[in-house]
Structures are given as C-alpha cells and as structure tokens.
Amino acid sequence: TISKCYVQVTGMTCASCVANIERNLRREDGIHSILVALMAGKAEVRYNPAVIQPAAIAELIRELGFGATVMENCGEGDGILELVVRGMTCASCVHKIESTLMKTNGVLYCSVALATNKAHIKYDPEIIGPRDVIQVIKDLGFTTSLVKKDRSASHLDHKQEIRQWKRSFVVSLVFCIPVMGLMIYMMVMDSQLSDAHAHHNMSSEEMEALHSSMVLEYQLLPGLSVMNFLSFSLCVPVQILGGWHFYIQAYKALKHKTANMDVLIVLATSVAFVYSFVILLVAMAEKAKVNPVTFFDTPPMLFVFISLGRWLEHVAKGKTSEALARLISLQATEATIVTLGPDNVLLSEEQVDVELVQRGDIVRVIPGGKFPVDGRVIEGHSMVDESLITGEAMPVTKKPGNTVIAGSINQNGSLLISATHVGADTTLSQIVKLVEEAQTSKAPIQQFADKLSGYFVPFIVAVSVVTLFAWIIIGFVDFEIVEKYFLGYNKSISAAEVIIRFAFQASITVLCIACPCSLGLA
C-alpha cells in the first residue's frame with residue numbers, strides 16, 4: 001500500500017534546491033515518488049508505510065540542510081470556499097458579512113476583502129455546505145458567485161463602479177456649481193447690507209426693504225423667492241440622479257437592520273432637503289413677506305464631495321487590482337495533450353482547457369506558445385523566455401530533464417513536457433495566490449476600524465437627535481444663548497421658529513459633518 005504525506009519545507013531559494021531534495025529522496029528505500037513545489041514550500045511524498053514514516057522523511061530533508069515539518073491532515077478536513085461578493089460599499093458591509101457568517105453554525109473562518117470583492121471561507125463539510133454559505137450572504141442583500149476557475153480577472157475590474165461614480169460626481173458637480181455661486185453671491189450681498197446697516201444706522205424695516213429689493217430675494221409667489229426657487233430646482237436633480245446609488249445602498253442596509261455610511265449620507269441630505277421643502281411650503285401657505293432660510297445648498301455639495309471620494313477610491317482599487325490582473329493574464333488558457341506510443345511515437349493530440357490538465361499528462365508546447373503548467377521536459381531542445389516569472393532577461397536553454405514554469409514562453413523548438421504541478425499548484429498560481437492573500441488578510445487596526453464603523457452610524461444619528469432636542473430645550477429656557485450663536489437671523493420671525501430653525505441647523509450640521517468620516521474610516 002502507498003500512503004501520501006505533505007511536508008512543509010523552508011529554506012529553499014531556487015529550482016536547484018528543489019532538484020537536490022527530489023534527487024536525494026528518490027534514492028531512499030520506501031519512497032515511491034516525491035514532488036516539491038518551490039513557491040508553496042511544500043513537498044508531496046508517496047511512501048510505503050511498512051518501510052518509512054513521515055517523521056523520518058522530514059528528517060531526511062533536514063539532513064540536506066532545509067527546515068522540514070510534517071503537515072498534519074493537509075488537503076482534507078475543512079472545506080474552503082472562495083466567493084466573489086458584489087454590492088459591498090464600505091467597511092460596515094464587510095463587518096456585517098463576516099459577523100453573520102461567523103455566527104453561522106459550521107463556519108470556522110471567514111475573511112472578506114473590499115478591494116478585491118472576494119470572500120474566503122473555511123467551513124466544516126459535515127455541518128454546512130457551500131450553497132448554504134452563499135444563501136446566507138444573499139439573504140444579507142449582496143449578490144455572490146463562486147470564483148470561476150478560469151482565473152480571469154473580472155472580479156478585479158472596477159470599470160463599472162468607476163463609470164457609475166464618475167457619472168454621479170459629474171451630475172452633482174454640474175448642479176452644485178450654480179448653487180455655490182448663488183450662495184457666495186448671497187453671502188457677499190448680506191455682508192454689504194450689514195456694512196450699510198452699520199454705517200447708516202438703518203432701521204430693521206429699511207433693512208428688510210433693501211434686502212427684498214435684491215434680485216434673488218424678489219418673490220415670484222408670496223413666500224417663494226427667486227433664490228429659493230433656483231436652489232430647489234438645482235437640488236432636485238442632484239437628489240434624484242446624484243444620490244440614486246446612495247439611496248439604493250441605504251435601503252438595502254436598512255432592510256437588513258444595519259446602518260452603513262450610505263445611510264448617514266442619505267439621512268443628512270434627505271433631512272436637509274425635506275426640512276427646506278417643508279418650510280418653503282409653510283412660507284407660501286402663510287404668504288410670508290420674509291423669505292425663509294433653506295438648506296438646499298447642503299445636498300448638492302455633500303453628494304459632490306462623497307461621490308468624488310467614492311470615484312477616487314474605485315480608481316485606486318482598480319490600480320491595486322491591475323497588477324494582479326496582469327499576473328493572471330500570463331496564464332495559458334488551453335493546453336495540447338498528446339498520447340505517446342512506444343519509443344515516444346505520437347499517437348494522438350487534443351486541445352483541452354488548462355484546468356483539465358492532470359498530473360502526469362504529456363503536454364506539447366510549440367514555438368511561441370506558453371507553458372500551461374509546471375513540468376519536466378521529456379523530449380526536445382529549446383530556449384525559453386522565463387523573464388515574466390523570474391526576471392531573467394536571457395532565454396534559458398531547456399533539454400530533457402529540465403523543469404519549466406507555467407506562464408513562461410517557448411521560443412524556438414517544440415517541447416514535450418510531463419506535467420508535475422497543475423491548476424492551483426503551479427508557480428504562477430501560487431504567486432497570484434500570495435498577492436491575493438496579502439490583500440485579503442487584514443491588519444488588526446483594520447479589523448478594529450471595521451468593528452467601529454458598525455457602531456459609528458447609529459451613534460452619530462443618536463448624537464444628532466440629542467443635539468436637536470438639547471437646543472430646543474436650551475432655546476425655550478434661555479433664548480439669549482440661541483441669539484448669541486444664531487447670527488443674522490430674521491428679526492421678524494417668532495422666537496419659537498428661530499429656536500426650531502437653529503436646533504435643526506445644528507443637528508443637520510452634526511449629520512453632514514459626520515458623513516465625510518467615511519473618508520476618515522477608509
């Protein structure tokens with residue numbers, strides 16, 4: 001009977017180390033075959049348990065000057081699931097998926113990477129299956145699929161998100177510039193008016209008259225000034241077109257009883273918009289002589305900054321993932337498998353997908369072709385360009401017995417190779433895996449930030465509500481405090497309205513200022 005064991009090998013630096021270990025161990029009694037993967041630092045040994053034990057095999061490798069430990073039940077036991085998860089916007093989405101999965105019975109480990117849209121899950125196949133895990137994520141409002149084995153880099157492509165946020169930013173900006181222009185014009189005119197008031201000692205009534213004689217303060221309808229009408233007209237398209245994605249994400253989050261950054265942004269802009277719209281309707285209903293103070297300038301400016309932030313974020317993510325996509329694109333997609341008769345006579349050949357190549361298959365690589373798998377040359381002589389993998393600028397000579405690396409390019413002669421490492425075990429796949437794992441694994445501070453963002457949104461909303469009620473109470477108890485901080489309010493409106501207005505302004509300010517904290521958390 002032949003048993004199989006895996007040994008973790010450390011201290012290997014190049015292909016000659018691999019050849020050294022393989023050559024020496026093959027001579028030992030009881031060892032049927034040995035295969036060493038340099039990138040993975042792993043040796044797979046088939047041995048006869050009646051003659052030799054794994055501990056003795058590890059000792060033989062140590063005698064050659066390498067570190068070696070036997071890997072317990074490697075390759076069996078836990079099920080591993082790699083998923084692509086779509087629809088995540090920020091760290092609290094990541095936290096939500098991870099915390100829900102970790103609470104699920106049978107899931108042993110879970111890590112979700114926002115940058116690569118990937119989830120890495122270990123589970124106990126006795127208790128839970130891959131379909132159940134996918135269903136849990138779908139129930140949270142995200143779309144998910146298995147990572148395709150064709151190693152394409154589609155999940156790293158942020159082009160769609162970049163386009164979406166760029167559009168959102170441009171729409172918001174187009175409407176935001178006029179709003180900002182109006183706001184600056186009003187501020188300049190107001191400061192000039194207050195200067196005139198200071199120098200000429202005008203009465204409040206004269207001030208009001210002068211104020212309403214300004215073009216933007218002219219009333220189209222009683223209670224509806226040109227300024228407010230223009231601001232409202234410019235704010236509506238931004239609220240609908242610029243804020244569309246925010247509203248969808250916020251709705252999904254609230255549906256599953258979570259609060260993320262999108263909820264905060266939507267809350268701040270909606271409260272500012274609705275409050276302004278309501279006081280405008282009230283002023284029109286009362287046929288007010290004095291134009292109410294509105295916050296129509298808040299939503300466009302917020303959407304501009306946040307969609308710009310999101311756009312830049314996806315551009316950065318795209319760049320991070322581009323390097324990985326380039327690595328993945330080095331892999332061959334197909335392989336030519338040949339069947340050899342006695343004396344290496346070619347009997348037949350067929351084109352198969354690279355995923356279907358098995359260990360021990362004989363693969364033919366023509367001049368100019370890519371090596372689909374790692375292997376050993378059995379027939380032919382050629383020069384091979386390995387610069388993409390090793391950085392070696394000069395082509396390397398290959399003759400029978402030499403090893404070849406998947407992704408390198410055959411230059412002038414046709415080669416027959418015997419596949420030694422296929423699929424995820426090839427050197428190139430291992431490099432890709434290392435880079436991806438580096439992106440997936442989180443620093444402890446990042447896990448802390450993810451956790452924090454889960455509590456951040458409800459906390460800010462609570463603070464905002466407290467602010468609202470605190471100022472209403474303060475105002476009714478001691479109106480002078482509100483008067484001191486609420487500069488430039490219209491003297492003609494009632495004290496109660498001034499208090500409510502100021503309290504709303506303070507609480508909306510808390511919400512609006514907390515929004516860009518998503519940038520801080522990011």
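The values are calculated or read from the model by the stated rules, or taken from the named source; none is laboratory data. This one's a predicted model, so the numbers in the text were calculated from it and none came from an experiment. Quick reminder, even Gly has a Cβ in these numbers, built from the backbone with ideal geometry, and neighbours come from all protein chains shown. For the accessible areas, the whole protein counts, side chains as well, though only heavy atoms, and no ligand, DNA or RNA atoms are used. Shrake-Rupley method; radii C 1.70, N 1.55, O 1.52, S 1.80 Å.
Scan the range 361-376 and tell me whether some residue there is open to solvent by less than 60 Å² (accessible area, probe 1.4 Å), under 22 Å from ALA15 (Cα atoms), more than 35 Å from the chain's Cα centre (by Cα) and of a type in the set (Lys, Arg). Scanning the range 361-376 turns up no residue that is open to solvent by less than 60 Å² (accessible area, probe 1.4 Å), under 22 Å from ALA15 (Cα atoms), more than 35 Å from the chain's Cα centre (by Cα) and of a type in the set (Lys, Arg). Looking only at the range 98-108, decide whether some residue is open to solvent by 60 Å² or more (accessible area, probe 1.4 Å), closer than 24 Å to ILE445 by Cα, aliphatic (A, V, I, L, M) and more than 21 Å from the chain's Cα centre (by Cα). Yes, the range 98-108 contains at least one residue that is open to solvent by 60 Å² or more (accessible area, probe 1.4 Å), closer than 24 Å to ILE445 by Cα, aliphatic (A, V, I, L, M) and more than 21 Å from the chain's Cα centre (by Cα).
Select from the range 377-395 the residues that are open to solvent by 40 Å² or more (accessible area, probe 1.4 Å) and hydrophobic (A, V, I, L, M, F, W, C) and list them in ascending order.
ILE378, MET383, LEU388, ALA393, MET394
Scanning the range 22-42 for residues that are in contact with a helix residue (DSSP H, G or I) (Cβ under 7 Å, 6 or more places away or on another chain) and not charged (D, E, K, R), which turns out surrounded by the most Cβ atoms within 10 Å (Cβ to Cβ)? Within the range 22-42, the match that is surrounded by the most Cβ atoms within 10 Å (Cβ to Cβ) is VAL36. Checked against (1) open to solvent by 70 Å² or more (accessible area, probe 1.4 Å); (2) assigned to a helix (DSSP H, G or I); (3) in contact with a Gly (Cβ under 8 Å, 6 or more places away or on another chain), PHE305 passes all but condition (3).
Starting from residues that are among the aromatic types (Phe, Trp, Tyr) and either open to solvent by 50 Å² or more (accessible area, probe 1.4 Å) or at pLDDT 80 or above (or both), keep the ones in the range 456-497 and report whichever is nearest to the chain's Cα centre (by Cα).
Step one: list which residues in the range 456-497 are among the aromatic types (Phe, Trp, Tyr), which gives 456, 459, 469, 471, 476, 479, 485-486, 489.
Subsequent filtering for residues that are either open to solvent by 50 Å² or more (accessible area, probe 1.4 Å) or at pLDDT 80 or above (or both) retains 459, 469, 471, 476, 479, 485.
Values: PHE459: 24, PHE469: 38, TRP471: 40, PHE476: 48, PHE479: 49, TYR485: 42 Å.
Here the answer is PHE459.
Go through the range 85-105 and give me each residue that's farther than 23 Å from ARG310 by Cβ and in contact (Cβ under 8 Å) with a residue 24 or more places away in the chain. If the condition is that a residue be farther than 23 Å from ARG310 by Cβ and in contact (Cβ under 8 Å) with a residue 24 or more places away in the chain, then SER99, THR100, LEU101, THR104 are the ones that fit. Elements of the type helices (runs of 4 or more DSSP H) sitting completely within the range 221-292 and holding at least 1 residues that are farther than 27 Å from ILE177 by Cβ: these cover 244-255, 261-285.
Among all residues of the range 311-325, there is at least one that is at pLDDT 80 or above and farther than 30 Å from ILE389 by Cα.
Considering only residues in the range 83-123 that are in contact with a strand residue (DSSP E or B) (Cβ under 7 Å, 6 or more places away or on another chain) and in a loop (DSSP other than H, G, I, E, B), the one that is modelled with the lowest pLDDT turns out to be GLY106.
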